[in-house]
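Chemist: Here you go, one structure.
The values are calculated or read from the model by the stated rules, or taken from the named source; none is laboratory data. These figures come from a predicted structure and were not determined experimentally. In this analysis, Cβ positions are derived from the backbone assuming ideal geometry, glycine residues included, and neighbour counts consider all displayed protein chains.
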Ligand code: HEM
């Protein structure tokens, strides 16, 4: 038996039977969340009950990152597969995925972001990328990007060589100086699109998010204004969705049918996926734009909580404390809350019931 995940989380894996598997591909495919769900401390999870005795408010959850800003999967095939999906979305729905304001700062920030990737990818992942002059060669997919060619869009290259999505932000001209979205490439959005958000300020972008303006807008503005190039920050976002699809854009994919089963009917739990976003913020030193990086991971909920009672308990606690409007915002979770909580409470108590559901959701994995 051998743990094939990050060295840094080897110790955590040892205490988690689920991650210790003999088959290489099975392990890496089965474990997209890296160390985040293997911690023995609920403090590390992106979801947890709101602190006792305090009135609920939306928290920023910003931390100092304990790893690099990019987080590629360890399995070459997983990387290549996601890069192919990204290329397909860019080709088929370019306007939804890539947008950039027609202003010099936006173009400059896009070029600077690509320069960072050209420096980092071949150095950190020499078996996956090679740089020949200005030509970036992806050794996994065979693609070659001639970044000196003026017809080549830096944002497209950025979006096709990492599993991350990138948004570029800069202060606006308004009185409040609110940060606005000046460009980006987002191939795996969770029900939004670059086309819809380009040029908007952060409060405008977050208009559909309950309590964002009242609880977070002011703090986020102050955080963004103070973010210095050598001090990146990380936060996590989480949600539960009835799909494994990574590209969720209401403009191209019809939204899932409304959940109609009675709230305590556990049918459908097996279709719920836990979707996590690892969000990084760093400022580009030359242009001064802020890069907001989103790496998306998802896994069937039953598999994510199997043998992880702490995770199940933390998630149940978070769901119990979320205000009704936020449950509604998170793909109408209020409609299935009793069933979801019953399922998670059982998972928190022991692995038996979860194993039963997990056996339904686990498609045979190619090894
Ligand atoms: C510290 C900074 C930030 C915080 C605290 C924050 C917080 C949030 C939260 C809580 C949600 C709702 C997610 C859910 O419940 O599933 C959300 C959604 C979203 N965030 Fe942020 N966010 C931040 C920065 C950004 C930045 C820089 C962007 C850049 C584009 C961004 C774009 C979005 C978008 C597009 C959504 C979906 C909005 C929709 O439903 O239309 N966020 N954010």
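Chemist: Pairs only if they're at least six apart or on different chains, beta carbon under 6 angstrom, first in the range 318-344 and on the phi > 0 side of the Ramachandran plot, second within 11 Å of the ligand (Cβ to nearest atom); list them, first residue then second.
Modeler: Pairs that qualify, where the first residue is on the phi > 0 side of the Ramachandran plot and the partner is within 11 Å of the ligand (Cβ to nearest atom), are 331/241.
Chemist: Can you tell me which residue is farthest from residue 103 (Cα to Cα) among those in the range 202-233 that are near the ligand (Cβ under 10 Å from one of its atoms) and touching a strand residue (DSSP E or B) at 6+ places or on another chain (Cβ under 6 Å)?
Modeler: Ranking the qualifying residues of the range 202-233, first place goes to 233.
Chemist: Can you pull out every residue in the range 119-137 that is in a loop (DSSP other than H, G, I, E, B) and farther than 16 Å from residue 158 by Cβ?
Modeler: We begin by selecting, within the range 119-137, every residue in a loop (DSSP other than H, G, I, E, B); these are 125-128, 133-134.
Scanning the range 119-137 gives 126, 127, 133.
Chemist: Having 2 or more residues that are under 18 Å from residue 335 (Cβ atoms) is the bar; report the strands (runs of 3 or more DSSP E) wholly within the range 221-310 that clear it.
Modeler: Values: elements: 233-241, 273-283, 290-300.
Fully inside the range 221-310 and qualifying: 233-241, 273-283.
Chemist: Would it be correct to say that residue 65 is modelled with pLDDT of 90 or more and buried (at least 18 other Cβ atoms within 10 Å of the Cβ)? Walk me through it before giving the result.
Modeler: Values: modelled with pLDDT of 90 or more: yes; buried (at least 18 other Cβ atoms within 10 Å of the Cβ): no.
For residue 65, the condition - modelled with pLDDT of 90 or more and buried (at least 18 other Cβ atoms within 10 Å of the Cβ) - is not met.
Chemist: Consider residue 315 carefully, then state whether it is in contact with a helix residue (DSSP H, G or I) (Cβ under 7 Å, 6 or more places away or on another chain), away from the ligand (no atom under 13 Å from the Cβ), assigned to a helix (DSSP H, G or I) and at pLDDT 95 or above. Break it down into steps so the answer makes sense when it comes.
Modeler: Details: in contact with a helix residue (DSSP H, G or I) (Cβ under 7 Å, 6 or more places away or on another chain): yes; away from the ligand (no atom under 13 Å from the Cβ): yes; assigned to a helix (DSSP H, G or I): yes; at pLDDT 95 or above: yes.
Yes: the conditions hold for residue 315.
Chemist: Of everything in the range 138-160, what is more than 19 Å from residue 99 (Cβ to Cβ) and outside any loop (DSSP other than H, G, I, E, B)? Give them in sequence order.
Modeler: 138, 144, 145, 146
Chemist: Filtering the range 126-138 down to residues that are within 17 Å of residue 72 (Cβ to Cβ) and touching a helix residue (DSSP H, G or I) at 6+ places or on another chain (Cβ under 9 Å), which residue is surrounded by the fewest Cβ atoms within 10 Å (Cβ to Cβ)? Before the answer, list the steps.
Modeler: Within the range 126-138, the subset within 17 Å of residue 72 (Cβ to Cβ) is 126-131, 136-138.
Checking the rest, the ones that are also touching a helix residue (DSSP H, G or I) at 6+ places or on another chain (Cβ under 9 Å) come to 127-131, 136-138.
On the way: 127: 8, 128: 19, 129: 19, 130: 15, 131: 15, 136: 23, 137: 16, 138: 19.
Selected residue: 127.
Chemist: Right, something else. Go through (1) part of a loop (DSSP other than H, G, I, E, B); (2) away from the ligand (no atom under 16 Å from the Cβ); (3) at pLDDT 95 or above and name the single condition residue 1 misses.
Modeler: (3)
Chemist: Shifting gears a bit: Find the residue count for the range 173-187, including only residues that are part of a loop (DSSP other than H, G, I, E, B), within 13 Å of the ligand (Cβ to nearest atom) and surrounded by fewer than 24 Cβ atoms within 10 Å (Cβ to Cβ).
Modeler: Taking the range 173-187 first, the residues part of a loop (DSSP other than H, G, I, E, B) are 173-178, 186-187.
Now narrow it down to the ones that are within 13 Å of the ligand (Cβ to nearest atom): 178, 186.
Imposing the further condition that a residue be surrounded by fewer than 24 Cβ atoms within 10 Å (Cβ to Cβ) reduces the set to 178.
Adding up the residues that qualify gives 1.
Chemist: Next question. Which numbered condition trips up residue 195, out of (1) assigned to a loop (DSSP other than H, G, I, E, B); (2) within 30 Å of residue 82 (Cβ to Cβ); (3) in contact (Cβ under 8 Å) with a residue 60 or more places away in the chain?
Modeler: All conditions pass for residue 195, except number (1).
Chemist: In this structure, is residue 165 in contact with a helix residue (DSSP H, G or I) (Cβ under 8 Å, 6 or more places away or on another chain) and at pLDDT below 95? Reasoning before the result, please.
Modeler: Working: in contact with a helix residue (DSSP H, G or I) (Cβ under 8 Å, 6 or more places away or on another chain): yes; at pLDDT below 95: no.
Answer is no for this residue.
Chemist: Which residue out of 248, 272, 241, 284 is away from the ligand (no atom under 11 Å from the Cβ), crowded, with 19+ Cβ neighbours inside 10 Å and at pLDDT below 95? Even if it seems obvious, please write down each step before you answer.
Modeler: Details: 248 fails: away from the ligand (no atom under 11 Å from the Cβ); 241 fails: away from the ligand (no atom under 11 Å from the Cβ); 284 fails: at pLDDT below 95.
One residue alone meets the criteria, 272.
Chemist: Please find, among 40, 99, 91, the residue that is over 20 Å from residue 237 (Cβ atoms), within 16 Å of the ligand (Cβ to nearest atom) and either modelled with pLDDT of 95 or more or not in a helix (DSSP H, G or I) (or both). Step through it out loud before you land on a result.
Modeler: Working: 40 fails: within 16 Å of the ligand (Cβ to nearest atom); 91 fails: within 16 Å of the ligand (Cβ to nearest atom).
From the options 40, 99, 91, the qualifying one is 99.
Chemist: While we're here: Would you check if residue 166 is within 16 Å of the ligand (Cβ to nearest atom) and in a loop (DSSP other than H, G, I, E, B)? Show your work before the answer.
Modeler: Working: within 16 Å of the ligand (Cβ to nearest atom): yes; in a loop (DSSP other than H, G, I, E, B): no.
Spelling it out, it is not the case that residue 166 is within 16 Å of the ligand (Cβ to nearest atom) and in a loop (DSSP other than H, G, I, E, B).
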